[in-house]
Amino acid sequence: MGIVLKQSLNNTIVTYIGFAIGAANTLFLYTNFMQPSNYGLIQVILSVSSVLMPILAFGVPNSLVKFYSSFKDQKNQDSFLTLMLILPLFLIIPVTVVSYAANDMIGNLLSRQNDVVREYVWHIFLVGMAMSYFEVFYAWARIQMKSMFGNFMKEIFCRVGQTVLLLLLYFKLIDISFFINALVGFYIARTLIMKLYSYSLRSPKLDFHFPNNWRNIVKYSALIILGGSTAIVLMEVDKVMLNNFLELENVAFYAVAGFIASTIAVPSKAMHQITYPLTANYLNGRDIPALTQLYQKSSLTLFIVSGILFLLILLNLNELYELLPNKYAGGFMIVFWVGLAKVYDALLGNNNAILFNSDYYRSILFFGVLLAVLAILFNLWLIPNYGINGAAIASFSAFFIYNSLKLGYVKAKFQMQPFTHETIKVLLLLIIIAVIFSTFSFSFHPLVNIALKSILMIALYVGVLYRFKISEDVYAFLNKYLKF
């Protein structure tokens, strides 16, 4: 886990910088510089683009990571990489034709409740296409064990672009139409920069004599479309469906609360950048003991971090909402349900990487499709009855069922599970901290209250973890920087 912890730490720092910028944008700039309806429109554009992205990528990012290490000579690697570059075009070109021919029909489908959305069908397609090829080039860098620059581009580049555009909008140097067009431009520029970087690591040598197992690769990629689409649908379908039932400003209110909860997922995203290719290597080498150790240690490390983040957010949420415009307040239940889903997701460690890089990926993709349908049905039922809170409950319910099935499937097929006695210890510690710090609050300025309570909670939490050595990796990390 040494290389995992080191690169995960670097990626975590980059990702948190991106989230800090995103927090400034989401919690302060968007909420104060832009009308909720316009912010809701931007969220719909990005959410639908995110749903479109795994389809246009044709499963190539996953296939790159899964198969690259199985090719030992350069010629086969070149032919494999050539296949990976052209495969997305087999879906991008037909989708382009369909989008042109059925533009009005697609616009009508997306604008049942909010008519303005119909004007942005092509914006959605362009962002989705840019996102898809960005992930291809990002995976190209990750298989060379270089994930930090790609993580920077993914987490920081477009957020800085949004900050600049929001400031220009505030000073009335641009209008909302220019803002959206420029935002599309940032996503396209991000993809082009990532392409140049990935090619600097491994320059492509086009070889159209594809590998002997190209049929298996294409089949895997096609099935991964379903898996990738499932994960994105579970994350983004709530905002897409809110657009079809409620006014656009509700999408903005939900997006702010959802962003607050999504902070919990940052360590998971950072660690997965390096655990994913390591998992593929262990599976290709059939090193099950090493895989089991990675599974349990990644689960415990992520649970330790995500659990305290969940408590820090919930116990400081009232103070945080005091800093926002009143119309954005009242999202406690959204943060609770979405945050709880993120903690459960982190608790599974590198479960996703095990499934998608194993020979059992077909079955789990089938489960995923069923659960994506279930998520849509939950939203159809709960949003009309409970509004934006219903969307949060629907998301948690879908993730709970999906993750529970994945957990059971890995246990059945590999005879391993991520939980250890240390998992129970961490859970008990989190419960104790929640009870202690939910019983009192300070009477200072909200920022002072947040800072003071957070420092006390982290000090107690880290102190207990360090004193009782609950996690070897966390203890080694703390011991390096907190030598008493």
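The values are calculated or read from the model by the stated rules, or taken from the named source; none is laboratory data. Just so you know, these numbers come straight off a predicted model, no measurement behind them. Using ideal geometry, Cβ is built from the backbone for each residue, glycine included, and neighbour counts are taken over all protein chains shown. Areas reflect the complete protein model, heavy atoms only, side chains present, ligands, DNA and RNA absent. Shrake-Rupley method; radii C 1.70, N 1.55, O 1.52, S 1.80 Å.
Among the trypsin sites (Lys or Arg not before Pro) found in the stretch 33-77, those both in a DSSP coil and sparsely packed, with 11 or fewer other Cβ atoms within 10 Å of their Cβ, are LYS72. Rounded to the nearest 0.05, what FRET efficiency is calculated for ASP104 and LEU380 with R0 set to 25 Å and r the Cβ-Cβ distance? My answer for the efficiency is 0.55. Debye-formula intensities of the stretch 164-250, expressed as log10 I(q)/I(0) at q = 0.14 Å⁻¹, are -0.93 (one equal scatterer per alpha-carbon, no solvent).
Of the chymotrypsin sites (Phe, Trp or Tyr not before Pro) found in the stretch 159-197, those that fall in a DSSP loop while having at most 12 other beta-carbon atoms within 10 Å are PHE171. Projection of the Cα convex hull of the stretch 348-476, averaged over all directions and equal to a quarter of that hull's surface, yields 11.5 nm².
When only DSSP loop residues count, what trypsin sites (Lys or Arg not before Pro) in the stretch 417-484 have their Cβ near at most 12 other Cβ atoms within 10 Å? Before the final figure, lay out the partial values.
Numbers: sites: LYS425, LYS453, ARG467, LYS469, LYS480, LYS483; in loops: LYS469, LYS483.
Filter output for the stretch 417-484: LYS483.
The alpha carbons of the chain give a radius of gyration and a Dmax of 22.3, 70 Å, in that order.
In the chain, the calculated helix contribution to ellipticity at 222 nm averages -26500 deg cm²/dmol per residue, counting -39,500 (n - 2.57) for every DSSP H run with n ≥ 4.
Once the C-beta distance of ASP175 and VAL97 is scaled by a Förster radius of 45 Å, the resulting FRET efficiency is 0.90 to the nearest 0.05. For the pair LYS219 and ALA290, label points projected 7 Å from Cα toward Cβ lie 2.8 nm apart.
Ranked from largest, the principal axis spans of the Cα set of the stretch 303-359 equal 51, 22, 14 Å.
Pairs over the 25 Å Cα-Cα cut-off, from the set LYS195/LYS342; LYS172/LYS327; LYS154/LYS411; LYS297/LYS413; LYS425/LYS453: LYS195/LYS342; LYS154/LYS411.
Pairwise alpha-carbon distances in the stretch 272-414 exceed 24 Å for 43% of all pairs. Using the Cβ-Cβ distance between ALA23 and ARG362 with R0 set to 41 Å, the FRET efficiency works out to roughly 0.55.
With every protein chain left in place, what is the accessible area per residue of the chain in square angstrom, probe 1.4 Å? Dividing the accessible area of the chain by its residue count gives 43 Å².
Divide the volume of the convex hull around the Cα atoms of the stretch 121-193 by the residue count and you get 68 Å³ per residue. Taking a straight line from the alpha carbon of LYS239, these aspartates and glutamates sit under 12 Å away, with near neighbours fewer than eight places off in the same chain left out: GLU247, GLU249. Extension gain for PHE477 to ASN32 (0.36 nm times residue separation, less C-alpha to C-alpha distance): 156.2 nm.
With Cα atoms defining each centre, the stretch 305-343 and the stretch 363-426 are spaced 21 Å apart in the structure. With the alpha-carbon atoms of the stretch 195-313 aligned to their principal axes, the span from lowest to highest coordinate is 52, 36, 29 Å, starting with the largest. Rg and Dmax over the alpha-carbon atoms of the stretch 332-413 stand at 13.7, 41 Å. In this simple spin-label model, placing a label point 7 Å from the Cα along the Cα-to-Cβ direction at both PHE442 and ASN318 gives a separation of 1.6 nm.
Only protein atoms count toward the accessible area here, which uses a 1.4 Å probe; on the chain, the carbon and sulfur part of that area reaches 67 percent.
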